[in-house]
Amino acid sequence: MRAAAQDRGGPAGPRAWSRWRKLPWAVVALWVAVIAIAGPLAGKLSDVQANHAVDYLPASADSTQVAKIQEALPGGESTDLVLVYHRDAGLTPADRTEAARQSARVAADHTLTAPPRAVPSKDGTTLMYPVSTTEPGQDDDARTAFVDEVRERAKGGDGLSVRVGGPGAMNTDAQKVYGSLGGPLLYTTVAVVAILLILIYRSPLLWLVPLAVAGVADALSMAVVYGLNRGFDITVTGQSSAVMTILVFGAGTDYALLLLVSRYREELTRHARPQEAMAAALRGCGPAVVASSATVAAGLLCLLAADLTSSRGMGPIAAVGVLCALLAMLTLLPALLVLLGRRVFWPLVPAYGGEPVRRRSLFAAMGGSAGRRPVAVLVTGGVLLGALSLGVFSRPGDLKLEDSFTSKPDSVAAMETLADAYPGRSSQPITVLAPTGRADETLDRAHATDGVASAERGRSGGGWTELSVVARDAPESAGERNTVNALRAGLDGAHVGGPGAQQMDLERSSTRDLRTVVPLVLLSVLLILIVLLRSLVAPLLLVAAVVAVWGAALGIGGLLFEPLLGLKGTDPGLPLLSFVFLVALGVDYGIFLMHRVREEALAGAEPTAAALTALRTTGGVIASAGLVLAATFAVLTNMPLTGLVEMGFVIAVGVLLDTFLVRTYLVTSAAVALQRRMWWPGALSRTPAPPAAPQEPELLRAP
């Protein structure tokens, strides 16, 4: 009866077959409607990005309180600039006249809080004019226009350099850099993924399908994140938007081509109709894909416990990217592949009734070496990862604000000039907000604080008075940090902020978040693995492996950041964010390998054969997935922000270590060494193992 039904058009006859034929078209039509709604919302995501340093800080930070109170003062938050005139051989009278003329022109065109006053350096090479205005208010576009106009007014030439620095210029340069990320990041990611997919599948058409689906998923994820921002006030930064795009294309492509399509191509040799082959492929790999992506999302959502606003927003934003990629790859991609039929695989079209291509497997050979001396391989790999982790102690110190850009913007060059020309005066004021009734007392105490060069009263309003305090030491130096700490300890009832204080609060919050979020990620991932693998030993092994990879990747970064990449500091958020991503993504691959090991063991294979067969059958897929994911994160190393470069480097290196060392050798060796104990205390650990059979001939063959 079943054969007769299949002859009539499918398992349930012509009517069922007719529904099968219509389903892909219905899915595509539904996605067209979704994108028609999501597209306009996705385009608004860049409008709600918050990229000021204070936007990354928790609401409880002292410097955050300063920024909020400043916004409430008359005129809103001020825009503070410094016009820097410099000539190596010493400023000439004509230089000084031109500097006075230009600063006067700025004062004539704008309402400043005080007339520009020249501050010459002792060596006569530099002249600076502090400029402050509340004219642009809190509008970022107005501030950018003001800074750009000042830069147009301040021009040098004939050996005279003129630069515009200060916090206002630094914020404007940062906004421009973040605003420029979207296009180059997307284009580079698409190009890298396209090249890899063409090389992996050797088809001129196939790579277009998942890439187009990933683009659709990216648009949907941006629309969803925009909705979360509007509805729940989730902080969206340029960094989190960039990482989301990387995850959509990296993880989405992994789920698509390297899992679903591989299984679908195999099923096409067993089923005459693409619809039936796709249904079988989804039944075969769908649960594993869903489980792994859910694990990644759960790990990322642990960032909601972070104190840093930027990290707390990164969690749901990245999880949205993963889940939107999963949804698109399990619905839209199958529909498109079915509609395109077998010809999408041209020139290597899988024929119904044919045999999958079999060739010598590199992973079979690797597994053979791990299987012969599992303990030796395990110990050697562990020692290697431990040695690489020691590089963490060689990494550069915490990243300074002026080192946050890979190419030096005008504001950073101005700060460097000021630091050299005014060694006893900071070019970056510390902002103190004191209750108005105690402003005079606070000002006197600020003058008397060790490390303070000068202090003066500023705006008042709402019960607060603003004080501008200049430290003797360079911005973000140990001396300035001591001055900030002394002001916070000695000025009762006052808040101390400004760029240097913000960076200090950022580092402290990052340290706190590392202690809080890491245990949550480990616990949540471990519990999910215990449920999926029905074991305690195997999940502990996978978690220990990804933690070792994280340490080794950070260590390699510490060794190479400065000598190879020229980076002068380490982003405070790097340890936490790289941990969350490497643990979540590493466990993702571990699920596929260990799920196959368990499947082979349940089918009756003895433990060594189960581990080596799992590696042979999944190694190529996991390796291809790892290459694609590492390549997409490596795209971040070409971005103009140091934090993104460091994150992309560490995660790319970690994914490669996880793919080609940990999964291939260490986890496989541990499975061989532990035998049935791998599945303790589950029932599989108590199942008697069948007699071992020779495996070498089988290891040399792979589908």
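Any residue in the stretch 511-523 that's over 14 Å from Ser578 (Cα atoms): show its pairings with residues that are in a helix (DSSP H, G or I) at Cβ separation under 6 Å, as long as the two are six or more apart or on different chains.
Thr516/Ala305; Leu520/Cys302; Leu520/Ala305
Conditions first: (1) buried (at least 23 other Cβ atoms within 10 Å of the Cβ); (2) in contact with a strand residue (DSSP E or B) (Cβ under 7 Å, 6 or more places away or on another chain). Leu443 passes all but one, so which condition is the exception?
Among (1) buried (at least 23 other Cβ atoms within 10 Å of the Cβ); (2) in contact with a strand residue (DSSP E or B) (Cβ under 7 Å, 6 or more places away or on another chain), the lone unmet condition for Leu443 is (1).
For the stretch 277-326, what are the residues that are in contact with a Lys or Arg (Cβ under 8 Å, 6 or more places away or on another chain), crowded, with 23+ Cβ neighbours inside 10 Å and either in contact (Cβ under 8 Å) with a residue 60 or more places away in the chain or over 30 Å from Gly353 (Cα atoms) (or both)?
The answer is Leu303, Ala306.
Can you tell me which residue is surrounded by the fewest Cβ atoms within 10 Å (Cβ to Cβ) among those in the stretch 463-497 that are hydrophobic (A, V, I, L, M, F, W, C) and under 15 Å from Ala453 (Cα atoms)? Before the answer, list the steps.
First, pick out the residues of the stretch 463-497 that are hydrophobic (A, V, I, L, M, F, W, C): 464, 467, 469-471, 474, 478, 484, 486-487, 489, 491, 494, 496.
Retained after the next criterion (residues that are under 15 Å from Ala453 (Cα atoms)): 467, 469-471, 474, 484, 486-487.
Details: Leu467: 23, Val469: 25, Val470: 19, Ala471: 29, Ala474: 24, Val484: 27, Ala486: 17, Leu487: 26.
Across the stretch 463-497, the extreme among qualifying residues is Ala486.
Run down Val106, Val66 and say which single residue is among the hydrophobic types (A, V, I, L, M, F, W, C), over 22 Å from Asp148 (Cβ atoms) and in a helix (DSSP H, G or I). Give the derivation first.
Working: Val106 fails: over 22 Å from Asp148 (Cβ atoms).
Going through Val106, Val66 in turn, the sole match is Val66.
Say whether the condition of being out of contact with any Lys or Arg (no Cβ under 6 Å at 6 or more places or on another chain), buried (at least 24 other Cβ atoms within 10 Å of the Cβ) and part of a helix (DSSP H, G or I) is met by at least one residue in the stretch 563-573.
Looking through the stretch 563-573, none of the residues is out of contact with any Lys or Arg (no Cβ under 6 Å at 6 or more places or on another chain), buried (at least 24 other Cβ atoms within 10 Å of the Cβ) and part of a helix (DSSP H, G or I).
Being touching a Leu at 6+ places or on another chain (Cβ under 6 Å), modelled with pLDDT of 85 or more, among the small types (Gly, Ala, Ser) and over 30 Å from Leu339 (Cβ atoms): is that true of Ala169 here? Can you show your working first?
Details: touching a Leu at 6+ places or on another chain (Cβ under 6 Å): yes; modelled with pLDDT of 85 or more: yes; among the small types (Gly, Ala, Ser): yes; over 30 Å from Leu339 (Cβ atoms): yes.
Taking the combined requirement at face value, the residue satisfies it.
Those residues that are over 28 Å from Ser161 (Cβ atoms) and touching a Lys or Arg at 6+ places or on another chain (Cβ under 7 Å), I need them from the stretch 415-451; list them, please.
If the condition is that a residue be over 28 Å from Ser161 (Cβ atoms) and touching a Lys or Arg at 6+ places or on another chain (Cβ under 7 Å), then Ala439, Leu443, Gly451 are the ones that fit.
For the stretch 630-680, which residues satisfy the criterion of being under 20 Å from Tyr589 (Cβ atoms) and of a type outside the set (A, V, I, L, M, F, W, C)?
Answer for the stretch 630-680, where residues must be under 20 Å from Tyr589 (Cβ atoms) and of a type outside the set (A, V, I, L, M, F, W, C): Thr632, Gly648, Gly654, Asp658, Thr659, Arg663, Thr664, Tyr665, Thr668, Ser669.
Here is a check on your reading of the model: is Arg230 charged (D, E, K, R) and within 27 Å of Thr331 (Cα to Cα)?
On the way: charged (D, E, K, R): yes; within 27 Å of Thr331 (Cα to Cα): no.
Considered against the rule, which asks whether it is charged (D, E, K, R) and within 27 Å of Thr331 (Cα to Cα), Arg230 comes out as no.
Condition check ((1) out of contact with any Lys or Arg (no Cβ under 9 Å at 6 or more places or on another chain); (2) surrounded by 15 or more Cβ atoms within 10 Å (Cβ to Cβ); (3) outside any loop (DSSP other than H, G, I, E, B); (4) of a type in the set (A, V, I, L, M)) across all residues:
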{"site": "Pro130", "(1), (2), (3), (4)": "no, yes, yes, no"}
{"site": "Gln175", "(1), (2), (3), (4)": "no, yes, yes, no"}
{"site": "Ala191", "(1), (2), (3), (4)": "yes, no, yes, yes"}
{"site": "Leu206", "(1), (2), (3), (4)": "yes, yes, no, yes"}
{"site": "Val216", "(1), (2), (3), (4)": "yes, yes, yes, yes"}
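The values are calculated or read from the model by the stated rules, or taken from the named source; none is laboratory data. Computed from a predicted model, the values in this text were never measured in an experiment. Cβ atoms come from the backbone with ideal geometry, glycine included; neighbour counts cover every protein chain shown.
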